[in-house]
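The values are calculated or read from the model by the stated rules, or taken from the named source; none is laboratory data. Since the structure is predicted, the reported quantities are computational estimates derived from the model, not experimental observations. Heads up, the Cβs are rebuilt from the backbone with ideal geometry, glycines too, and the neighbour counts pull from every protein chain shown. For the accessible areas, the whole protein counts, side chains as well, though only heavy atoms, and no ligand, DNA or RNA atoms are used. Shrake-Rupley method; radii C 1.70, N 1.55, O 1.52, S 1.80 Å.
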Amino acid sequence: MKAMRETSNASESKPSEEAFNLGALVARRRKEATELWAKTINPQFARVLRTIGFDREWARAEGAYLWDADGNRYLDMLGGFGMFNVGRNNPRIRAALIEALELDLPGSVQMGTTVLPPLLAEALLARTPARLERVLFTSSGTEAIEAAIKLGRAATKRARVISAEHGFHGLTLGSLSVNGCPEFTSRFGPLLPDCERVPFGDLEALERELRREDVAIFLVEPIQGKGVNLPPPGYLEGAQELCRRYDTLFCVDEVQTGLGRTGKLFAFEHWGLEPDMVPVAKSLSGGYVPVGALIMSKAVHEAVFDGMENALSHGSTFAPNELAMAAGLATLHEIDTQKLVERSERLGEMLLELGGRLAARHEVVKEVRGRGLMWAIEFAEPPSGSRTYRAIERIQPGLFAQFVIGPLFSEHRILSQVAGHSMAVIKVLPPLVVSDEDISWLEDALDDSIAKAQRLPRSLTRLALGSLRAFS
Ligand SMILES: Cc1ncc(COP(=O)(O)O)c(C=O)c1O
């Protein structure tokens, strides 16, 4: 047996007669968060945070804001990677969760049914095209993708899965097999066989694969999260058409783009698509409880769950769980009543306008793109040339963006991210409750931070590059 180790706070893990007091525990130990995270969860992540200066003692959050322990307010332009569409700590989702707890609901009976899961399924289906008639719940986005691959293969009796280069669909092994980002896949093979990628936007390449009539699923994000890549005109409609022609299931991954993010409830609505399968997750439970779902056609479902002996062919113990379902129902209600889809569309227009102004003011801005509140700004060496830019990018392509998000965070208190490995792209994915003033805050902050990154003194560039190399 493993010997018990001495820990500085060993009393915390000893049995205690006292009542459990979460508030007191957090208050007493919050300061240790990064150090303890490094010791018990992931020291390299803690190193990254310290190196880029993102290590803060976070105290609380509300809507589109976070506060550190010194009482400073930060604008959250990252939205927990898109899980806080209805705002952090949304009081109405919280009230629904408290109510669900107080109702002493039966919870997962397992060999029995309860009403919240089919109610959430009904609410999702009421908001999607008629082609979609069944919902399979999961506990995350990657599990919804795994379900799409597994069920899609069984339903079509075909093995091959085609996805798009630079696509991101999650990090478990099945999802990784369809992931188009080599920086995530390279060390973890062998992955699932018969998973291949085609360039995003290339219908000819897609047809070359589908024509073989052995492809189960074409899996695609309507707008790619890594880099915020928009589809060329006609691409998604054309892909759906090809899928229908060659009996391939058309699976549109709405894990990130769903639930109002792009100015429609689902991004596929921009192109009038009717997919066979739609994985969703992230913000479906208001950011409170793990959740995911695969929304699919009856035909797919019935091809897999085709008899009583196969009634439980796929599932997992915690999905669907009552808290996720309660939060999901409250979240859909919140999106409707607060008109968050319309808000996302309107603020998205503002973002594109401010992007135009930034591009006019800074030669280093190559492109600004987005839809709704999924937006990115891309940098490239200015046409007139820049030694600073070249020096930075020589060390690692895309590094310039790191030098912009640094002051954006430390001086302007805006939390954001670079949009992907080796990309000089900053991505913005805020809670949909951000205000017009918040968008102006972002414009002023970007204006200043882009200017600063271009003026970086050489000595500082070398120093910063040295430390950034530590985790690149
Ligand atoms: C488009 C897309 N699909 C799938 C996933 C995986 O979701 P999860 O992190 O909940 O497993 C993500 C996560 O970022 C995503 O952006």
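For segment 218-234, enumerate the residues that are in contact with a Phe, Trp or Tyr (Cβ under 8 Å, 6 or more places away or on another chain) and either more than 16 Å from the ligand (Cβ to nearest atom) or in a strand (DSSP E or B) (or both). Let's see the steps before the verdict.
Initially, segment 218-234 is screened for residues in contact with a Phe, Trp or Tyr (Cβ under 8 Å, 6 or more places away or on another chain), giving 218, 220-222, 224-226, 228-229, 231.
Once the filter is applied, which keeps residues that are in contact with a Phe, Trp or Tyr (Cβ under 8 Å, 6 or more places away or on another chain) and either more than 16 Å from the ligand (Cβ to nearest atom) or in a strand (DSSP E or B) (or both), segment 218-234 yields F218, V220, Q224, N229.
For every residue, the table says whether it meets (1) among the β-branched types (V, I, T); (2) crowded, with 22+ Cβ neighbours inside 10 Å.
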| site | (1), (2) |
| --- | --- |
| R343 | no, no |
| E349 | no, no |
| L352 | no, no |
| G356 | no, no |
| V365 | yes, no |
| R369 | no, no |
| L373 | no, yes |
| F379 | no, yes |
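Of S316, S386, S285, which residue is open to solvent by 40 Å² or more (accessible area, probe 1.4 Å) and of a type outside the set (F, W, Y)? Before the answer, list the steps.
Working: S386 fails: open to solvent by 40 Å² or more (accessible area, probe 1.4 Å); S285 fails: open to solvent by 40 Å² or more (accessible area, probe 1.4 Å).
None of the other options fit; the residue is S316.
Identify all residues within segment 17-50 that are touching a strand residue (DSSP E or B) at 6+ places or on another chain (Cβ under 9 Å) and not in a helix (DSSP H, G or I); write none if there are none.
Here is the first cut: in segment 17-50, the ones touching a strand residue (DSSP E or B) at 6+ places or on another chain (Cβ under 9 Å) are 30, 33.
Hits for segment 17-50: nothing passes.
Which residue is nearest to V255 (Cα to Cα), if the candidates are limited to segment 49-99 and must be within 21 Å of the chain's Cα centre (by Cα) and of a type in the set (G, A, S)?
The qualifying residue nearest to V255 (Cα to Cα) is G82.
Looking at V280, is it within 13 Å of the ligand (Cβ to nearest atom), closer than 22 Å to E122 by Cβ, over 13 Å from the mean Cα position of the chain (by Cα) and in contact (Cβ under 8 Å) with a residue 24 or more places away in the chain? It would help to see each step written out before you state the result.
Working: within 13 Å of the ligand (Cβ to nearest atom): yes; closer than 22 Å to E122 by Cβ: yes; over 13 Å from the mean Cα position of the chain (by Cα): no; in contact (Cβ under 8 Å) with a residue 24 or more places away in the chain: yes.
No.
Identify all residues within segment 55-77 that are open to solvent by less than 40 Å² (accessible area, probe 1.4 Å) and in contact with a Leu (Cβ under 8 Å, 6 or more places away or on another chain); write none if there are none.
Residues satisfying the conditions are A64, L66, Y74, L75, D76, M77.
Looking at L408, is it more than 24 Å from L340 (Cβ to Cβ) and hydrophobic (A, V, I, L, M, F, W, C)?
Numbers: more than 24 Å from L340 (Cβ to Cβ): yes; hydrophobic (A, V, I, L, M, F, W, C): yes.
Yes: the conditions hold for L408.
Please enumerate the residues belonging to segment 78-105 that are open to solvent by 90 Å² or more (accessible area, probe 1.4 Å) and either within 16 Å of the ligand (Cβ to nearest atom) or more than 28 Å from V428 (Cβ to Cβ) (or both).
Result: F81, E99, L101, E102, L103, D104.
Please go through segment 122-148 and give me each residue that is of a type in the set (G, A, S) and open to solvent by 50 Å² or more (accessible area, probe 1.4 Å), ordered by number.
Kept after step one, since they are of a type in the set (G, A, S), are these residues of segment 122-148: 123, 126, 130, 139-141, 144, 147-148.
Across segment 122-148, the qualifying residues are A126, A130.
Within segment 254-275, restricting attention to residues that are open to solvent by less than 10 Å² (accessible area, probe 1.4 Å) and charged (D, E, K, R), which residue is farthest from the ligand (Cβ to nearest atom)? Show your work before the answer.
Looking only at segment 254-275, we keep the residues that are open to solvent by less than 10 Å² (accessible area, probe 1.4 Å), and these are 254, 257-263, 266-268, 273, 275.
From what's left, charged (D, E, K, R): 254, 261.
Numbers: E254: 8, R261: 10 Å.
Per the stated criteria, the residue is R261.
I'm told A327 meets every condition in (1) open to solvent by less than 40 Å² (accessible area, probe 1.4 Å); (2) over 24 Å from the mean Cα position of the chain (by Cα) except one. Can you identify the failing condition by its number?
Unmet condition: (2).
Among what's in segment 106-143 and is at pLDDT 95 or above, out of contact with any helix residue (DSSP H, G or I) (no Cβ under 6 Å at 6 or more places or on another chain) and polar (S, T, N, Q), pick the residue that is farthest from the ligand (Cβ to nearest atom).
Top of the filtered list is T113.
Output the residues belonging to segment 190-216 that are in a loop (DSSP other than H, G, I, E, B), more than 14 Å from the ligand (Cβ to nearest atom) and over 26 Å from T138 (Cα atoms). Let's see the steps before the verdict.
Within segment 190-216, the subset in a loop (DSSP other than H, G, I, E, B) is 190-194, 199-202, 211-214.
Cutting the leftovers down to more than 14 Å from the ligand (Cβ to nearest atom) gives us 190-194, 199, 201-202, 211-214.
Those that are in a loop (DSSP other than H, G, I, E, B), more than 14 Å from the ligand (Cβ to nearest atom) and over 26 Å from T138 (Cα atoms): P199, G201, D202, R211, R212, E213, D214.
Look through L171, L119, L151 and report the one residue that is open to solvent by less than 20 Å² (accessible area, probe 1.4 Å) and among the aliphatic types (A, V, I, L, M). If you could, list the steps in order and put the result at the bottom.
Details: L171 fails: open to solvent by less than 20 Å² (accessible area, probe 1.4 Å); L119 fails: open to solvent by less than 20 Å² (accessible area, probe 1.4 Å).
Selected residue: L151, the only one of L171, L119, L151 that is open to solvent by less than 20 Å² (accessible area, probe 1.4 Å) and among the aliphatic types (A, V, I, L, M).
Return yes or no: is G258 on the phi > 0 side of the Ramachandran plot, within 20 Å of the chain's Cα centre (by Cα) and of a type in the set (G, A, S)?
Values: on the phi > 0 side of the Ramachandran plot: no; within 20 Å of the chain's Cα centre (by Cα): yes; of a type in the set (G, A, S): yes.
Considered against the rule, which asks whether it is on the phi > 0 side of the Ramachandran plot, within 20 Å of the chain's Cα centre (by Cα) and of a type in the set (G, A, S), G258 comes out as no.
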